[in-house]
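Taking it in order: structure first as structure tokens, then the write-up.
Each value in this text was obtained by applying a stated rule to the coordinates, not by laboratory testing. Since the structure is predicted, the reported quantities are computational estimates derived from the model, not experimental observations. Reconstructed Cβ throughout: ideal geometry from the backbone, glycine too, with neighbour counts over all protein chains shown.
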Amino acid sequence: MSPSSTLDPETAAVSAPSLGVAPLERIGNTPLIRLDALTQHLSGIQILGKAEWLNPGGSVKDRAASNIVAAAQRTGQLGAGKILTDATSGNTGIAYAMLGAAHGFRVQLCMPSNVSIERKRILAAYGAEVIWTDPADGSDGAIRKVRELVAAEPDKYFYADQYGNDNNWLAHYNGTANEIWRQTEGAVTHFVAALGTSGTFMGTTRRLRELSANQPRPVQCISMQPDSPFNGLEGLKHMATAIVPPIYDPHLADRNIDMATERAYAMAKWLGHNQGMLIGVSAAAAVCAALEVAEDEAAAGREAVVVTILCDAADKYLSERFWTEPGDGDDALARKLGSRRA
Ligand SMILES: Cc1ncc(COP(=O)(O)O)c(C=O)c1O
């Protein structure tokens, strides 16, 4: 249309095409980042990480939370005036808080009070309400508290129940897995993911198994969890001692890797210093596990495309001391992977 054409400004405002994307449309379809610097010592091996911090709430949990909320809105469970509540150690709470702010429903979370100051500030900025639980009880204390609240006033709440809600793992079955398959053009050989609620691992694994069932090499799926109940891998569960999430099926994984917190800290620092990538602690733990799988495949003389999930970025963990203090695993990792600095 020429600039001189007569255009009624009011009609133009109504009929103009909507440009850009709505914030919540940015959930999912995250890029797959090549981590070539990790595999230079391994021939025929690639490690790739899904950059989940690019979701609008900053983590992989936007996927599960948005699917849970969408289903609850569809079925009327999250009708007018209902408050969404759940137990969370951080990222799911941030995702619910973002969704509540965007859709206009109240969010009340149960959360251990020792979550990082960054997380507390993000939740406050989204206007979420939080009931703090004893840090000594970990995420299980938060689960017990939310169950108490809902039992006392069932009509007041929509209990999102991320640990027991099938819409958690279905978000990954319908989203994450298909994205990985498409982005690797079906070349993925191994999938590695950390266990929190286990939704990411359960959903992605189930779908990748189906997609690769007729391939010469069906995708091997490897879960990773902390090696002890007392660990610094925020968001993850030590299944042997935790309240086991109802959606978790311990028989699904081809293999499980137990991860030491020190290894994850060393990897987070190495990636920051040598790749310019600041990822969260559980993401760094996932990279360590992916590297372990990659090294095993290389030792067996097989080629491999190992895909893992980089759950979030480092920004919510920058107040932790390990970034600036030497750690047990730092030297060993630098010897293995080298250092870009003189
Ligand atoms: C930082 C972080 N990493 C990993 C996970 C695990 O994801 P999932 O709950 O899908 O097992 C979570 C879950 O809250 C998390 O917050």
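Over the chain, what is the relative contact order in whole percent, taking alpha-carbon pairs under 8 Å and six or more residues apart? Once divided by the residue count of the chain, the mean separation gives 20 percent. Highest mobility in the GNM of the chain, judged by mean-square fluctuation with C-alpha springs under 10 Å and restricted to 16, 187, 283, is found for 16. Ellipticity at 222 nm from helices only: DSSP H runs of n ≥ 4 in the chain, each -39500 (n - 2.57), divided by the residue count, give -11500 deg cm²/dmol.
The alpha carbon centroids of the stretch 133-182 and the stretch 57-71 are separated by 11 Å.
Converting phi to 3J(HN,Hα) with the Karplus coefficients 6.51, -1.76 and 1.60 and the offset θ = phi - 60°, the stretch 196-203 yields x, 5, 5, x, 4, 5, 4, x Hz in sequence order, with x at every glycine or proline. Residue-wise HN-Hα couplings along the stretch 273-287, as the Karplus relation 6.51 cos²θ - 1.76 cosθ + 1.60 with θ = phi - 60° gives them from phi, are 6, 10, 10, x, 10, 9, 10, x, 5, 5, 5, 5, 5, 5, 5 Hz; Gly and Pro carry x. In the Gaussian network model of the chain, springs joining C-alpha atoms below 10 Å, which of 280, 127, 76 carries the largest mean-square fluctuation? Highest fluctuation among the options: 76.
Using alpha-carbon pairs under 8 Å, 6+ residues apart, how would you state the relative contact order of the stretch 61-159 in percent? Answer for the stretch 61-159 is 31 percent. The mean sequence separation of alpha-carbon pairs under 8 Å and at least six residues apart, normalised by the residue count of the stretch 1-150, gives a relative contact order of 16 percent. Each label was represented as a point 7 Å from its Cα along the Cα-to-Cβ direction; for residue 113 and residue 25 these points are 4.4 nm apart. Compute the separation of the alpha-carbon centres of the stretch 17-42 and the stretch 247-302 and state it in Å as a whole number. What the calculation gives is 19 Å, centre to centre. In this model, which of 145/269; 145/237; 156/237; 156/316; 82/237; 61/156 are farther than 27 Å apart at the alpha-carbon? Too far apart for the 27 Å limit: 145/269; 156/237; 156/316; 82/237. Each of residue 315 and residue 152 was given a label point 7 Å from its Cα along the Cα-to-Cβ line. The distance between the two points is 3.5 nm. Arranged from fewest to most other beta-carbon atoms within 10 Å of their beta carbon, 339, 282 become 339, 282.
By other beta-carbon atoms within 10 Å, ranking 172, 251, 273 with the fewest at the front produces 251, 273, 172. Scalar couplings 3J(HN,Hα) for the stretch 252-266, obtained by applying the Karplus form with A = 6.51, B = -1.76, C = 1.60 to θ = phi - 60°, are 6, 6, 6, 6, 10, 10, 8, 10, 7, 4, 4, 5, 5, 4, 4 Hz; x denotes Gly and Pro.
As a rough footprinting exposure proxy, the listed residues 310, 48 were ranked by other beta carbons within 10 Å of their own, and the order from fewest upward is 48, 310.
Using only the Cα atoms of the stretch 61-159, build the gyration tensor, take square roots of its eigenvalues as a ≥ b ≥ c, and label the shape rounded, prolate or oblate: rounded if a/c is under 1.5, else prolate if a/b is larger than b/c, else oblate. Note, shape of the stretch 61-159 comes out oblate. Anyone know which of 104, 175, 196 comes out most mobile in the 10 Å Cα GNM of the chain? It is 104. The share of Cα pairs per 10 Å bin across the chain, counted from zero up to the longest distance, runs 5, 25, 32, 22, 10, 4, 2, 0 percent. Exposure here means at most 11 other Cβ atoms within 10 Å; with trypsin sites (Lys or Arg not before Pro) in a DSSP loop as sites, the longest stretch of the chain lacking them is 1-339.
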